[in-house]
Each structure stands twice: as C-alpha cells, then as structure tokens.
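Visitor: I am attaching a structure below and will ask some questions about it afterwards.
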Amino acid sequence: MSLNPFDLFDIRSLLSEEERAVQATVARFTDTRVLPIIGDAFDEGRFPDELIPEIAALGLLGSSLPEQYGGGGLNAVSYGLICQELERGDSGLRSFVSVQSSLCMYPIYAYGSEEQRLRWLPDMATGKVIGCFGLTEAHGGSDPAAMKTRAVRDGGDWLINGSKMWITSGPVADIAIIWAHTEDGIQGFVLEKGMAGFSTQEIKHKMSLRASLTGALFFDNVRVPDRNRLPNVQGLKGPLGCLNQARYGISWGPIGAAVACLDEALAYTKQRVLFGRPVAATQSAQIKLADMARRITTGQLLALQLGRLKDAGQLQPQQVSLAKWNNCRMAIDIARECRDLLGGAGITTEHVAIRHALNLESVITYEGTETVHQLVIGRELTGINAF
Ligand code: TGC
Ligand code: FAD
C-alpha cells in the first residue's frame, strides 16, 4: 500500500471525527473557491473580499469562541487545521482569518466586558464587522514596549495620539484594536471607523501577501469613550497574549503552503523530461523532494502536539515560538526549493511556488521575526535575556 505523500505518518488517523470534518470542509472551500481565483488576486494586488461571506458561513471567524458570542466552539486542533487548509490556498486569506479571530475577536472575548463582547463579537463572526490589530509601530515592531502611541484620560474619554504600521486589514477594517501607553501601562482600545482624527492609508508596492490588505493607522487626538477600552488587561502581556493565539495558528498555516508547493513540484518533475528522463528520476530531485516530505512530516507532528497541549490548557508561549519558527522556516525553504525545481516556469504565478515563497517572507517576519523566536528559546534555555 503506498503512503499519502502529504501525510506520510498518517496524522489524519490521530484526528477526531470532528477535526477531520473541519479539515475536509475547509479543504473543499480552498480547492473550489480559493485556488481558481487566488493567482489573479495576487497578481492584481487585490484582497478577495467576495470570499468573506462564505468564510463566515463556514464558521471560520472566531471558530474557537463560545457559540453564545457567534463562535464555533471548536478546539485548538480544529483551528490549526483551518489555518493549514486556508494557507494551502494563500497566506493572505489565512492572515485575514488569523487577524479577525485571534487578534481581534480573542482580545474582545478575553479582555473585554460582557457588554463589549455582545456588542462586537456576533457581528464579527458573520463578517459584518471586520477588525484589525494595531501593535506594531514604524520605528521597530520587534520591540512593542517602545511604542510611542499614547492614550491620555480626558474626563470620561481618552485622547489617543500616535500611529501604527503594517496593519493587516487596516485599510478596510470597521474596528481597530489598538495598543497604547497610558499612565497605568499599556492598554487596549477599540477604535471605530469614522472616529474623528482616526485615518488609515494602504501600503502599496508589496511583493508579498499581495492578496491581503496592509495599512498604516494614524491617530490625531482621537477621542475614544472609556466604554471602548478593554478593561480586563494592562501591560504588554495583553497584546502578547493575543499574539500567542495568532502565532499558534501560524504554526499550522505554513504546513499548507508547503504541501501546495510539494504537490506542484512532484507533478512537475514527474512530467518534465530532461536528458531523456523525468527530472523526478534524478537522484538530486528525489533527495530534495524526500527532504521536503521529511520536513513537512516533522512540522505536522509538531503542530499537532502543540494543538493537543493547547487543548489540554498546558501550552507555553515558548513552545509556540519554537513551532512558529520551525514551521515558517520549513515552509519558506520548501517553497524556494520547489520554485527552483520548476526552473523558469517557477518564476510566474501560473505556478504556486513563487507566490507561496513570497508570501512566506511576510509570515516568517510578522508575529515575531525568526530571530525574535530564536531569542525566546535562547532565553528559555540559558535564563539570559539577549534581546
Ligand atoms: P517580556 O519582559 O518578555 O514580557 C512582558 C510581559 O509580557 C508577558 N509575556 C507574555 N504574555 C503572553 N504571551 C507571551 N508570549 C508573552 N511573552 C511575554 C510577560 O510575562 C510579561 O508580563 P508581566 O506581567 O511580567 O509584565 O517582554 P520583552 O519586552 O522582553 O519582549 C519580549 C519579546 C521580544 C518576545 C516581545 O516583545 C515580542 O514578542 N516581540 C515581537 C513583537 C511581535 O510579534 N509583534 C507582532 C505584531 S502583530 C502581527 O504581526 C500580526 S500579523 C497579522 C497576520 O497574521 O496577518
Ligand atoms: P524590526 O523589529 O525593525 O526588525 C528588523 C530586524 O532586526 C529583523 O531581522 C529582526 O529579526 C532583527 N532584530 C530585532 N530585534 C533583534 C535583536 N534583539 N537581536 C537581533 N536582531 C534583532 N503588526 C501588527 O501589529 N498588526 C498587523 O496586523 C500586522 N500585519 C503585518 C502584515 C505584514 C504583511 C507585515 C510584513 C507585517 C505585519 N505586522 C503587523 C508587523 C510585524 O509584526 C512586524 O513587521 C514584525 O514584528 C517585525 O517588526 P519590524 O518590521 O519593525 O522589524
């Protein structure tokens, strides 16, 4: 019996019925709705927002949140599988779902009041309200504690001044979860589109995540009522707690991108005849393909155990760092190698490898660069902070 080249260790057999059903549903969506349009969307630098109603109808927005807030009540492994299957289509689509679910709905759920949860979460689950998450500033995203954005009390309101950079979905978002220094430490605020002094600008000329919108946010004396402040967290642990959720999903997503690239490279090298034999019949191509399968299998096992730890309530941020680092590095290396195996054909978006390779340049950078995650592990091993 031959093995499934994309699941050499039969990891599917380790999934529950519900987890398999979630994976199959999202895989079908990616095959039928995403893959036919995503190459063009990437070329055009267009986020395919026509897919939002379907993404919402499938329950992919806030899938882990309780049903009373519009969530799906799914476990962490299911959320990981959602990210993996979406990113098999494109990292931009997975980014959209990560930001909406892990970076916007999660903080409202985890740090918000009951009134705030009921006010925003159900509409975010249906895609009626789109969110963005503003932590990074232009002078240095790796060091968010150095943020310059400030919120100052003014009677029952807050006045917010500053800016944020590189914000996914920023140009279209209806609400922005933004993090600002206050006299009581870093706090989170929900800004609403149309608030006076709040403006956005799209970042153009991206060669990566072209099927995703990225922008800058500007706050010029934005008056925000106290009821829009997230009351239940203070300090950097607030935004970093959200990053744990998103980084967890990003530990799964790039597996999908890597699988898409391996799938393409296998098909291509089997039919491409050079020097009288298929490229796949050469030892060097087989070693490369085998190495990809090895790294994907390792990444799959890592992600699944990460998910099982999360579902057991035992997940440590350092474990998320290691998985995000490993699986982003695994996927970008595979995408670049697949691009090479396709020769000149690999440089066009007629094939998926270059699009995934370019996208993964962002994925390995955002949510903590590779270096940041390496230093998190280094600090854990040595007890010495090298940041
Ligand atoms: P440090 O002293 O380590 O910690 C400060 C406080 O935070 C707590 N903490 C965490 N809490 C929850 N989860 C984590 N992962 C945490 N890491 C730390 C910590 O316990 C402490 O709490 P307390 O109560 O003692 O005050 O902070 P540090 O200043 O040394 O920084 C550590 C460092 C460098 C790891 C952190 O700043 C970092 O992770 N930097 C990278 C920033 C980053 O990842 N930004 C991402 C922006 S969002 C984004 O990219 C979205 S992409 C969107 C998409 O998916 O499309
Ligand atoms: P810098 O922090 O300036 O890093 C530059 C280099 O220095 C990197 O190689 C880094 O690894 C290295 N470095 C940093 N610290 C150290 C150190 N101590 N020792 C050695 N080397 C170090 N942010 C949000 O808040 N919300 C979003 O929705 C969002 N979406 C994004 C979408 C895209 C497409 C991109 C590209 C970014 C997005 N980001 C978002 C921002 C992202 O999180 C930051 O780009 C990332 O955290 C890195 O910050 P930086 O770009 O300022 O790089």
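The values are calculated or read from the model by the stated rules, or taken from the named source; none is laboratory data. Please read all numbers here as calculations on a predicted model, not as lab measurements. Cβ sites come from the backbone with ideal geometry, for glycine too, and all protein chains shown count toward neighbours.
Visitor: Hey, could you check the range 87-105 for residues that are farther than 19 Å from Leu135 by Cβ and over 9 Å from the mean Cα position of the chain (by Cα) and say which is farthest from ligand 1 (Cβ to nearest atom)?
Guide: Arg88
Visitor: Looking only at the range 205-246, which residues are of a type in the set (D, E, K, R) and touching a residue at least 40 places away in the same chain (Cβ under 8 Å)?
Guide: Selection gives Lys206, Arg210, Asp220, Arg223, Asp226, Arg227, Arg229.
Visitor: Ok, one more. Taking the options Thr168, Thr136, name whichever one is within 17 Å of the chain's Cα centre (by Cα), near ligand 1 (Cβ under 10 Å from one of its atoms) and closer than 17 Å to Asp49 by Cβ.
Guide: Exactly one residue qualifies, and that residue is Thr168.
Visitor: Then there's this: Which residues, taken from the range 191-203, are in a loop (DSSP other than H, G, I, E, B), in contact (Cβ under 8 Å) with a residue 24 or more places away in the chain and more than 16 Å from ligand 1 (Cβ to nearest atom)?
Guide: Met195, Ala196, Gly197
Visitor: Only one of these conditions is not met by Thr365: (1) away from ligand 2 (no atom under 16 Å from the Cβ); (2) part of a loop (DSSP other than H, G, I, E, B). Which number is it?
Guide: Thr365 satisfies every listed condition except (1).
Visitor: Checking the condition in a helix (DSSP H, G or I) and in contact with a strand residue (DSSP E or B) (Cβ under 6 Å, 6 or more places away or on another chain), which residue from Lys288, Lys270 passes?
Guide: Lys270
Visitor: Okay, next question. Starting from residues that are more than 8 Å from ligand 1 (Cβ to nearest atom), in a loop (DSSP other than H, G, I, E, B) and on the phi < 0 side of the Ramachandran plot, keep the ones in the range 377-387 and report whichever is surrounded by the fewest Cβ atoms within 10 Å (Cβ to Cβ).
Guide: Ile384
Visitor: Step by step: first the residues of the range 231-249, then only those that are assigned to a helix (DSSP H, G or I) and within 6 Å of ligand 1 (Cβ to nearest atom), then the one that is farthest from Ser98 (Cα to Cα). Which residue is that?
Guide: Lys237
Visitor: Determine if the range 259-272 includes at least one residue that is more than 16 Å from ligand 2 (Cβ to nearest atom) and under 18 Å from the mean Cα position of the chain (by Cα).
Guide: yes
Visitor: I'm told Ile175 meets every condition in (1) within 15 Å of ligand 1 (Cβ to nearest atom); (2) farther than 30 Å from Gly39 by Cβ except one. Can you identify the failing condition by its number?
Guide: With (1) within 15 Å of ligand 1 (Cβ to nearest atom); (2) farther than 30 Å from Gly39 by Cβ applied to Ile175, the lone miss is (1).
Visitor: Looking at Leu301 and the list (1) away from ligand 2 (no atom under 16 Å from the Cβ); (2) surrounded by 15 or more Cβ atoms within 10 Å (Cβ to Cβ), which single condition is not satisfied?
Guide: So Leu301 meets the others, but not (2).
Yes/no matrix, rows are residues, columns are (1) under 18 Å from Leu209 (Cα atoms); (2) within 12 Å of ligand 1 (Cβ to nearest atom); (3) not assigned by TED's automatic domain parsing to the domain that holds Ser142:
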{"position": "Cys338", "(1), (2), (3)": "no, no, yes"}
{"position": "Leu341", "(1), (2), (3)": "no, no, yes"}
{"position": "Ile347", "(1), (2), (3)": "yes, no, yes"}
{"position": "His351", "(1), (2), (3)": "yes, no, yes"}
{"position": "Arg355", "(1), (2), (3)": "yes, no, yes"}
{"position": "Ser362", "(1), (2), (3)": "yes, yes, yes"}
{"position": "Tyr366", "(1), (2), (3)": "yes, yes, yes"}
{"position": "Val372", "(1), (2), (3)": "no, yes, yes"}
{"position": "Leu375", "(1), (2), (3)": "no, yes, yes"}
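Visitor: Quick check on this structure: which one of Leu15, Leu35, Leu81 is surrounded by fewer than 22 Cβ atoms within 10 Å (Cβ to Cβ), touching a helix residue (DSSP H, G or I) at 6+ places or on another chain (Cβ under 9 Å), within 18 Å of Gln305 (Cβ to Cβ) and not assigned by TED's automatic domain parsing to the domain that holds Ala211?
Guide: Of Leu15, Leu35, Leu81, the one residue that is surrounded by fewer than 22 Cβ atoms within 10 Å (Cβ to Cβ), touching a helix residue (DSSP H, G or I) at 6+ places or on another chain (Cβ under 9 Å), within 18 Å of Gln305 (Cβ to Cβ) and not assigned by TED's automatic domain parsing to the domain that holds Ala211 is Leu15.
Visitor: Picking from Arg88, Arg119, Arg94, which residue would you name as being of a type in the set (Lys, Arg), closer than 20 Å to Val233 by Cβ and part of a helix (DSSP H, G or I)?
Guide: Just a single option satisfies the conditions, and that option is Arg119.
Visitor: I need the full set of residues from the range 100-159 which are within 21 Å of Pro171 (Cβ to Cβ), among the hydrophobic types (A, V, I, L, M, F, W, C) and surrounded by fewer than 20 Cβ atoms within 10 Å (Cβ to Cβ), in order please.
Guide: Ala138
Visitor: If you don't mind, another one. Within the bounds of the range 293-306, is there any residue that is outside the structural domain of Asp90 (by TED's automatic domain parsing) and farther than 19 Å from Asp7 by Cβ?
Guide: no
Visitor: Go through the range 126-179 residue by residue and tally those that are in a strand (DSSP E or B) and within 15 Å of ligand 2 (Cβ to nearest atom).
Guide: Count: 16.
Visitor: Given the structure, is Gln116 outside the structural domain of Gln245 (by TED's automatic domain parsing) and more than 17 Å from the chain's Cα centre (by Cα)?
Guide: So Gln116 passes the test.
Visitor: Return a yes/no flag: does the range 40-54 have any residue that is outside any loop (DSSP other than H, G, I, E, B), in contact with a Gly (Cβ under 7 Å, 6 or more places away or on another chain) and either modelled with pLDDT of 95 or more or buried (at least 24 other Cβ atoms within 10 Å of the Cβ) (or both).
Guide: Yes, that holds for at least one residue.
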